[in-house]
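*Asks:* I am attaching a structure below and will ask some questions about it afterwards.
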Amino acid sequence: MSKTLEFERKTKTLIDDLKSVCANYGLGNDGNEFKIITQVFLYKFLNDKFAYEIKQLEPKLAKAESWESELKKFKKNDYEMLLMQLNENTARLRPEHFIATLYDKQNSDKFSELFDNTLLAIAKENNDIFSVLTDGGEKIMLFENISKYVTDKRDEFCKAIVNKLVNFSFEHIFTEKFDFFATIFEYLIKDYNTNSGGKYAEYFTPHAVAKIMASCLVTEKVKDVTCYDPSAGSGTLLMNLAHAIGEDKCTIYSQDISQKSSNLLRLNLILNNLVHSIPNIVKGNTLLDPYHKEKDKKTLKKFDFIVSNPPFKLDFSDYVEDLKSKENHERFFAGAPNVPKTKPEGMAIYPMFIQHIMHSLSAKGRAAVVVPTGFITAQSGIEKTIREKMVDAKMLRGVISMPSNIFATTGTNVSILFIDTANKKGDIVLMDASKLGTTVKEGKNQKTLLSADEEQKIINTFNKHKVVEDFTVVVSYDQIKEKNYSFSAGQYFDVKIEYTDITPKEFAKKMESYKTNLDNLFSESKKLEKDIQKQLEGLKYE
């Protein structure tokens, strides 16, 4: 087993052990379990990251039998000097914050209070860098009091947690790459990032879809660029985009109405060395109160890259009229839906996000958005108006129609819409990838998986603008207008007529066969006609 796979196995074991502790204290499948698991995991990660970085700065700590004990011997000024040299991705910890310190004090009275206070002290010490903002200006701190979620035996619960944390060090994983942390993050949140049944459905974007979106967006080297997701969820799309660009060459921005998603995104940023972007993570309503503004504090900020997998349907009847206000006319140029008399939860909200994204792109901005496939051929309404604007303003790069069930959580067929404000010449790639993939069973749902070769086929064909029979076409803006603004590749494929040479004898035989079949059908029709008339004559009024 390779070292990477061994580290992955041990990390997953730790996550399973933490979940087991929660289950033993009655928190299995409890709504608060994810708060405990993600925060404790993050505490462990930050503790070991601190150890890893501090040993790079002070090699004698790496040689010490106990780096914690050695560090406690440092004079106050020397300790502060060491903290100042840490990079921004590393939390500042004090000796009383170390897991080893808690482990040594686990038999103290009111240990749960000590445990909670330690987490709160770390959050306070690192408040400026690690807090998530709300659109109202409040700060959501890194940690909270977690023992409160246990009704009984809190000291024992916290001791059990700490004892799991000391068995394995993360220090060996910090040289691992993006794919490792993407796998760990997906494993960590797999039980929690599902549709909770509330108004806001959070769907995890499959890694294959996120990779295709990022690879088709980033086709050349860039630096100092801004990346944005207006419905970020746990940040899978943003992490793939940042990885394609280079984590040190971009700054992340996001806004999401879900506090749970914002917390998960913060965790994702920390795992992927993107701590510098945490201050740009905002919990709030993107459509109603977009947070990110230019320096004048009025104009909405423009971004170089935007990715999004927005909710498709949502009851936003409470504030849809506010979106129709005069100040929103330019942003929501195609309008907003009326509130239906029944089933407001079926209101299509994704067209509002597409309009917001189009409005938020810089002069050379690019975007990739997951949409229901119905969007690309809708013959009227807001959807058609949006497509017309994309074509008339010459800002479309292409569309990839994905296989059915690429998302296990929704049966809706999806496509990926690529927008490029600089694509004035056309050469738009329309791809029908619906026949790719292998169907597997995942719980009660069917799921389609793309192989690595299939992912690469989609990426290469799209980026090279290759025309492949029954797979892709490359069209102009005028051709799309001629097809009534349809973005469906299938409507541009050539209709094939196959010709077969036959002899006069074979022709006569076929015609005789058709004549015989028709005679039989006509005969059967006459018989049925008589039967029906007979049945009608037998009917009587009673």
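Residues are listed down the side, and each one gets a yes or a no for (1) without any contact (Cβ under 8 Å) to a residue 24 or more places away in the chain; (2) in contact with a His (Cβ under 7 Å, 6 or more places away or on another chain); (3) outside any helix (DSSP H, G or I); (4) of a type outside the set (K, R):
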position: K35; (1), (2), (3), (4): no, no, no, no
position: Q39; (1), (2), (3), (4): no, no, no, yes
position: N47; (1), (2), (3), (4): no, no, no, yes
position: A62; (1), (2), (3), (4): yes, no, no, yes
position: E65; (1), (2), (3), (4): yes, no, yes, yes
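*Asks:* Moving on. Applying the selection to the range 238-263, what residues are under 17 Å from F178 (Cβ atoms), open to solvent by less than 10 Å² (accessible area, probe 1.4 Å), in contact with a Ser or Thr (Cβ under 7 Å, 6 or more places away or on another chain) and part of a helix (DSSP H, G or I)?
*Replies:* Matches in the range 238-263: L238 only.
*Asks:* If you take the residues in the range 276-306 that are of a type in the set (S, T, Y) and farther than 18 Å from G137 by Cβ, which one is nearest to the chain's Cα centre (by Cα)? Before you say what the answer is, go through the steps one by one.
*Replies:* At the first step, the residues of the range 276-306 found to be of a type in the set (S, T, Y) are 277, 286, 291, 299.
From the residues that got through so far, the ones that are farther than 18 Å from G137 by Cβ too are 277, 299.
Details: S277: 17, T299: 27 Å.
Among those residues, the one meeting the criterion is S277.
*Asks:* Does the range 336-348 include one or more residues that are within 24 Å of T226 (Cα to Cα), open to solvent by less than 60 Å² (accessible area, probe 1.4 Å) and not hydrophobic (A, V, I, L, M, F, W, C)? Spell out how you get there, then give the answer.
*Replies:* First pass over the range 336-348, keeping only residues within 24 Å of T226 (Cα to Cα): none.
No, the range 336-348 contains no residue that is within 24 Å of T226 (Cα to Cα), open to solvent by less than 60 Å² (accessible area, probe 1.4 Å) and not hydrophobic (A, V, I, L, M, F, W, C).
*Asks:* Suppose the filter is touching a Leu at 6+ places or on another chain (Cβ under 9 Å), within 22 Å of S401 (Cα to Cα) and modelled with pLDDT of 90 or more; does M213 pass it? So that I can check it myself, show each step before the final result.
*Replies:* Numbers: touching a Leu at 6+ places or on another chain (Cβ under 9 Å): yes; within 22 Å of S401 (Cα to Cα): yes; modelled with pLDDT of 90 or more: yes.
Here the answer is yes, as M213 does meet what is asked.
*Asks:* When you check L287 against the structure, is it modelled with pLDDT of 95 or more and of a type in the set (A, V, I, L, M), yes or no? If you could, list the steps in order and put the result at the bottom.
*Replies:* Working: modelled with pLDDT of 95 or more: yes; of a type in the set (A, V, I, L, M): yes.
The answer is yes for L287.
*Asks:* While we're on this one: Please work out which residue is farthest from the chain's Cα centre (by Cα), limiting yourself to the range 307-333 and to residues that are basic (K, R) and not in a helix (DSSP H, G or I).
*Replies:* By that ranking, first place goes to K324.
*Asks:* Then there's this: What is the one condition in (1) open to solvent by less than 60 Å² (accessible area, probe 1.4 Å); (2) in a loop (DSSP other than H, G, I, E, B); (3) closer than 30 Å to N280 by Cβ that T175 does not satisfy?
*Replies:* Unmet for T175, out of (1) open to solvent by less than 60 Å² (accessible area, probe 1.4 Å); (2) in a loop (DSSP other than H, G, I, E, B); (3) closer than 30 Å to N280 by Cβ: (1).
*Asks:* In this structure, does T4 turn out to be loosely packed, with under 15 Cβ neighbours inside 10 Å, in contact (Cβ under 8 Å) with a residue 40 or more places away in the chain and not hydrophobic (A, V, I, L, M, F, W, C)? Lay out the reasoning, then the answer.
*Replies:* Values: loosely packed, with under 15 Cβ neighbours inside 10 Å: no; in contact (Cβ under 8 Å) with a residue 40 or more places away in the chain: yes; not hydrophobic (A, V, I, L, M, F, W, C): yes.
In short, no.
*Asks:* So Q106 ticks every box in (1) assigned to a loop (DSSP other than H, G, I, E, B); (2) out of contact with any Cys (no Cβ under 9 Å at 6 or more places or on another chain) but one. Which box is left unticked?
*Replies:* Failed condition: (2).
The values are calculated or read from the model by the stated rules, or taken from the named source; none is laboratory data. Remember, it's a predicted structure, so these values are computed and weren't measured experimentally. Please note: Cβ atoms are built from the backbone with ideal geometry, for glycine as well, and neighbour counts cover all protein chains shown. When the accessible area is computed, the model is the full protein with side chains, heavy atoms only, and any ligands, DNA or RNA have been set aside. Shrake-Rupley method; radii C 1.70, N 1.55, O 1.52, S 1.80 Å.
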